[in-house]
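The structure under discussion appears below in the form of structure tokens.
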Amino acid sequence: MKARVLTGITTTGTPHLGNYVGAIRPAIAASREAGVQSFFFLADYHALIKCDEPDRIERSRLELAATWLACGLDPQRVAFYRQSDIPETPELTWLLTCVTAKGQMNRAHAYKAALDANLAAGEDADAGISMGLYSYPILMAADILLFNAHRVPVGKDQVQHIEMARDLAQRFNHQYGQGHDLFVLPQAEVEAEVELLPGLDGRKMSKSYDNIVPLFEGGAKGLRDAVARIVTDSRLPGEPKEPEGTALVAIFDAFASADERAAFRAELRAGLGWGDAKHRLVEQIDRELAPMRARYDELMSHPERIEETLQAGAQKARAVAKPFLESLRRAVGLRPMLAVPASIARPAAAKDGPVALANFKQYRETDGRFHFKLVDAAGQTLLQSDGFAEGREAGAWVKRLKAEGAAALAGAPVRRGAGVDAQRVEAALAALVAAEPAP
Ligand code: TRP
């Protein structure tokens with residue numbers, strides 16, 4: 001399997017430079033690496049936790065979609081979708097909720113912050129805290145685990161959530177995996193050099209502190225106006241300034257090479273005025289953002305194109321999510337009654353010997369091509385492959401189907417035998433997967 005990279009961005013507010021530097025830019029760069037398969041989505045279910053204004057939700061989804069596309073996300077390469085277009089996500093959330101310890105959710109940062117604020121204000125501990133906020137990390141774990149993401153680029157503030165996702169994956173694997181790992185354990189990836197971008201006042205750039213620099217909204221003027229509001233000390237032009245620890249320099253760093261960073265520091269130490277420094281900062285940022293801003297404006301005037309792109313992305317994502325969720329449902333015991341294993345339906349089966357399984361047969365046709373088929377115990381063909389030029393291609397598919405079951409069917413060059421329905425094939429594959437020795 002290719003390494004899978006996945007990240008989501010919550011659709012409240014308007015994207016700001018902190019989102020760009022901390023999430024969007026590194027994620028897009030990662031999506032261009034060879035050998036990775038990327039999933040990027042708009043976390044609009046998460047948005048509902050924080051925002052109950054429908055128009056803001058709508059506006060923000062549009063702005064964010066346009067932002068990611070304008071910043072260079074290639075929807076051909078990447079599955080780019082809305083969380084709310086994937087019904088498997090809330091379904092997995094429930095399966096995970098049932099293996100989540102309540103005590104662990106008590107320790108989640110977002111919930112604890114709300115709780116502490118209530119206590120500090122002398123309010124009831126639970127005042128204004130929804131179950132959505134409380135179980136936020138479980139929905140996030142579902143986002144990640146549904147696609148078996150290996151790497152999750154996020155801001156530092158989200159690292160705890162990824163750790164919780166790992167934990168839930170481990171617990172679920174242990175409980176239901178029967179020696180197989182159902183979920184990959186995800187790894188957080190925090191951009192090393194620029195961890196949290198400071199905002200205008202030097203605190204972390206965040207909508208809630210009202211200290212953001214907008215990414216595209218407000219145009220070039222919006223950027224200049226925001227930069228003008230960056231807090232500095234009152235040293236005059238000509239006076240030496242200490243660059244380290246200032247918000248202005250930290251933001252500059254995020255858009256500059258090592259040489260440019262050193263040069264900027266030297267100029268400030270030599271007395272560059274804050275006004276000139278701000279001018280320099282705007283130029284530095286715009287070198288990267290100006291072409292993106294033009295694409296953004298174009299997209300914002302064609303929302304129907306964005307909608308189409310997102311629908312196609314949801315299809316791509318669901319081709320992975322749907323069969324995988326099906327296998328998870330089976331793992332927890334939500335199985336079609338057709339497929340109830342003989343050991344449960346007929347507990348006496350054990351002494352009749354093992355249940356007869358379907359099996360794969362590989363063969364070569366007279367035209368020289370290699371084929372395989374899945375044949376049930378009574379000799380009926382359940383699946384029939386296309387022809388392959390190489391025997392090992394057929395072998396590789398057989399191996400995958402045995403290991404992954406119906407999850408590997410999406411994209412497999414096979415068709416069902418005459419009169420065989422999808423459930424029978426899935427049941428036969430599930431039985432084979434269950435019978436496969438642990439890797
Ligand atoms: N909670 C994340 C944030 O606010 C957004 C998010 C939701 C996310 N689901 C995710 C990020 C899954 C990474 C993976 O930034």
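The values are calculated or read from the model by the stated rules, or taken from the named source; none is laboratory data. Remember, it's a predicted structure, so these values are computed and weren't measured experimentally. Heads up, the Cβs are rebuilt from the backbone with ideal geometry, glycines too, and the neighbour counts pull from every protein chain shown. These area figures cover heavy atoms from the full protein model, side chains too; ligands, DNA and RNA do not enter into them. Shrake-Rupley method; radii C 1.70, N 1.55, O 1.52, S 1.80 Å.
The set of residues in segment 1-18 being within 12 Å of the ligand (Cβ to nearest atom), part of a strand (DSSP E or B) and either among the β-branched types (Val, Ile, Thr) or open to solvent by 20 Å² or more (accessible area, probe 1.4 Å) (or both) consists of ARG4, VAL5, THR7, GLY8, ILE9, THR10. For segment 292-336, the set of residues classified as under 22 Å from LEU182 (Cβ atoms), over 24 Å from the mean Cα position of the chain (by Cα) and not basic (Lys, Arg) consists of GLY333, LEU334, PRO336, listed by residue number. Among residues of segment 219-231 that are assigned by TED's automatic domain parsing to the domain that holds ALA247 and under 12 Å from ARG280 (Cα atoms), those with a beta-carbon under 8 Å from a residue that is in a loop (DSSP other than H, G, I, E, B) and not acidic (Asp, Glu) at least six positions away or on a different chain give the pairs VAL227/VAL213. Evaluation of ALA270 against the conditions (1) more than 23 Å from ARG203 (Cα to Cα); (2) touching a helix residue (DSSP H, G or I) at 6+ places or on another chain (Cβ under 6 Å); (3) of a type in the set (A, V, I, L, M, F, W, C) shows that the sole unmet condition is (2). Of everything listed in (1) in a loop (DSSP other than H, G, I, E, B); (2) open to solvent by 70 Å² or more (accessible area, probe 1.4 Å), the single unmet condition for ALA412 is (2). The requirement of being within 19 Å of LEU92 (Cβ to Cβ), surrounded by fewer than 21 Cβ atoms within 10 Å (Cβ to Cβ) and either basic (Lys, Arg) or assigned by TED's automatic domain parsing to the domain that holds VAL36 (or both) is fulfilled somewhere in segment 115-131, by at least one residue. Does any residue of segment 67-86 turn out to be assigned by TED's automatic domain parsing to the domain that holds SER135, open to solvent by 40 Å² or more (accessible area, probe 1.4 Å) and on the phi > 0 side of the Ramachandran plot? No - not one qualifying residue is present in segment 67-86. Take the residues in segment 133-165 that are assigned to a helix (DSSP H, G or I) and more than 12 Å from the ligand (Cβ to nearest atom); name whichever of them is most open to solvent (accessible area, probe 1.4 Å). Per the criteria, the residue is GLU163.
Inspection of segment 286-307 identifies no residue that is touching a strand residue (DSSP E or B) at 6+ places or on another chain (Cβ under 8 Å) and crowded, with 20+ Cβ neighbours inside 10 Å. Any residue in segment 203-217 that is farther than 21 Å from GLU288 by Cα, modelled with pLDDT under 95, touching a Phe, Trp or Tyr at 6+ places or on another chain (Cβ under 8 Å) and assigned to a loop (DSSP other than H, G, I, E, B)? Yes: one or more hits.
Each row is one residue, and each column tells you yes or no for (1) of a type in the set (A, V, I, L, M, F, W, C); (2) over 30 Å from ASP74 (Cβ atoms).
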site: THR232; (1), (2): no, yes
site: VAL249; (1), (2): yes, yes
site: ALA270; (1), (2): yes, yes
site: PRO291; (1), (2): no, no
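For segment 97-120, the criterion of being within 30 Å of GLU326 (Cβ to Cβ), among the hydroxyl-bearing types (Ser, Thr, Tyr) and either in contact with a Leu (Cβ under 8 Å, 6 or more places away or on another chain) or in contact (Cβ under 8 Å) with a residue 60 or more places away in the chain (or both) is satisfied by at least one residue.
So, PHE183, is that one modelled with pLDDT of 90 or more, crowded, with 17+ Cβ neighbours inside 10 Å, part of a loop (DSSP other than H, G, I, E, B) and not hydroxyl-bearing (Ser, Thr, Tyr) or not? Yes; evaluated as a whole, the condition is true for this residue.
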